[in-house]
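Working notes for the structure below.
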Amino acid sequence: MADIIIAGAGPAGLSAAIYARRAGMDTVVYEGNVYGGQIINTPEVENYPAIAKISGFDFANDLYNQATNLGARVEFDGVTSVSGTAEEGFTVELASGGKETAKAVILAVGATNRHLGIDREEELTGKGVSYCATCDGAFYKGKTVAVNGGGNTAVEDAIYLAGLVEKVYLIHRRNEFRADETLVKAAKVLPNLEMVTPFVIKELKGSPKLDGIVLENRDDQSTKELAVDGLFVAIGQEPKTAIFKDLVTLSGGYIEGGEDCKTNVKGIFVAGDVRTKKVRQLTTACADGAVAALAAVDFIKLG
Ligand code: NAP
């Protein structure tokens with residue numbers, strides 16, 4: 001039986017692994033996708049204290065290497081269920097069909113990209129519709145693209161793409177942006193970036209590839225069409241908690257947990273974007289990882 005199993009190798013999960021290993025715990029991290037979580041798709045991280053600028057990719061690599069060099073075992077296998085009790089230990093079932101037991105579990109599975117939920121979105125994904133500007137931006141050199149969203153991700157993506165493509169439309173459903181003021185200011189001065197507000201995307205055009213989008217004005221319901229080669233959807237995330245709904249208490253889809261990162265089940269902890277909280281940032285994800293790991297260590301040692 002391992003001491004601690006961590007579900008998710010994003011910033012929260014890998015930070016938890018670092019703290020768990022430094023406390024001498026036998027620690028296993030299970031990840032169904034790639035390590036690094038959402039930060040791997042962020043072109044530049046400029047708000048992590050004492051690191052003025054680093055790419056999300058480099059940040060994820062450094063974090064992964066730090067955790068594994070300390071002796072954390074990272075397995076690329078998705079967690080499909082968790083069961084058990086604090087008294088008898090927990091069993092984690094895996095996508096491969098395997099299972100592993102541990103004294104404590106930390107849920108750090110993060111969130112996935114929210115979809116627009118409009119017709120043909122799935123059909124055109126990979127054929128003009130993308131959820132990752134850093135992954136797919138290079139395909140659109142010299143072309144026209146749109147980014148949808150008003151948060152930090154959308155504005156960062158739009159700025160990044162403006163450096164690559166001919167023209168970027170940044171479409172947002174309100175006139176005010178949720179993104180940090182510094183980012184919005186940086187976007188506004190770019191000559192090939194046009195803000196289109198308050199609009200939502202109603203229709204995707206083109207076959208077999210996207211070649212346009214139909215927008216609806218949220219104030220007067222008028223519509224207009226933009227010719228675009230690519231659409232980057234950056235309208236937030238949804239927590240990956242469906243498999244945990246019978247295990248721990250959820251609130252609005254997120255796993256309920258306070259600043260102590262404890263769930264309602266003794267021995268199960270929660271860290272990162274999947275936890276109920278106000279501020280979902282890289283710094284707070286890493287902080288959660290530390291808190292959850294030390295809480296798990298206390299639980300294992302003291303009960
Ligand atoms: P977010 O902050 O939740 O923003 C989502 C945006 O999408 C909002 O502007 C929202 O509009 C819009 N939206 C949501 N559902 C929509 C729909 N169905 N149709 C159209 N628009 C929709 O998400 P995020 O930008 O991905 O950021 C997630 C978290 O990561 C945030 O805490 C963010 O600060 C953080 N982050 C930080 C950095 C950084 O600091 N460098 C970079 C990336 C992300 P409304 O504003 O009208 O609700």
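Some values worked out for this structure:
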quantity: Solvent-accessible heavy-atom area per residue, rounded to whole Å², over the chain at 1.4 Å; calculated: 47
quantity: Partner lysines for K167 [C-alpha distance under 25 Å; skip if fewer than 8 residues away on the same chain]; calculated: K127, K141, K143, K185, K188, K202, K205, K209, K224
quantity: Alpha-carbon Rg with Dmax, taken over the stretch 121-233, Å; calculated: 12.9, 38
quantity: Any cysteine of the chain lacking a neighbouring Cys Cβ under 4.7 Å - listed by number; calculated: C261, C286
quantity: Segment E238-D211, length gained on full extension (0.36 nm per residue, minus Cα span); calculated: 7.0 nm
quantity: Percent carbon-and-sulfur accessible area, the stretch 29-94, ignoring ligands, DNA and RNA, probe 1.4 Å; calculated: 46
quantity: Candidate lysines for bridging to K277, where Cα separation is under 22 Å - those fewer than 8 sequence places away on the same chain excluded; calculated: K240, K245, K262, K266
quantity: Global size of the stretch 242-303 as Cα Rg and Dmax, reported in angstrom; calculated: 11.3, 33
quantity: By average C-beta atoms within 10 angstrom, highest first, the peptides 61-73, 147-159, 11-23, 207-219; calculated: 11-23, 147-159, 61-73, 207-219
quantity: Those residues of the stretch 227-271 whose amide nitrogen sits under 19 Å from the label point placed on V279, 7 Å along Cα→Cβ; calculated: 257-262, 271
quantity: Area projected by the alpha carbon convex hull of the stretch 77-169, averaged over all directions, nm²; calculated: 8.8
quantity: The stretch 135-287, accessible surface, carbon-and-sulfur percent (1.4 angstrom probe); calculated: 47
quantity: Table column - 3J(HN,Hα) (Hz), the stretch 197-208, Karplus curve with 6.51, -1.76, 1.60, x for Gly and Pro; calculated: 9, x, 10, 10, 8, 9, 8, 10, 10, x, 7, x
quantity: Coordinate range along principal axes, alpha carbons of the chain, Å, largest first; calculated: 62, 39, 32
quantity: Cα→Cβ-extended label distance, 7 Å offset, between T85 and E194, nm; calculated: 6.5
quantity: Highest to lowest packing among 39-45, 289-295, scored as the average C-beta count within 10 Å; calculated: 289-295, 39-45
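The values are calculated or read from the model by the stated rules, or taken from the named source; none is laboratory data. Being a predicted model, the structure only gives us computed values, none of them experimental. All Cβ positions, glycine included, derive from the backbone under ideal geometry; neighbour counts span all protein chains shown. Areas reflect the complete protein model, heavy atoms only, side chains present, ligands, DNA and RNA absent. Shrake-Rupley method; radii C 1.70, N 1.55, O 1.52, S 1.80 Å.
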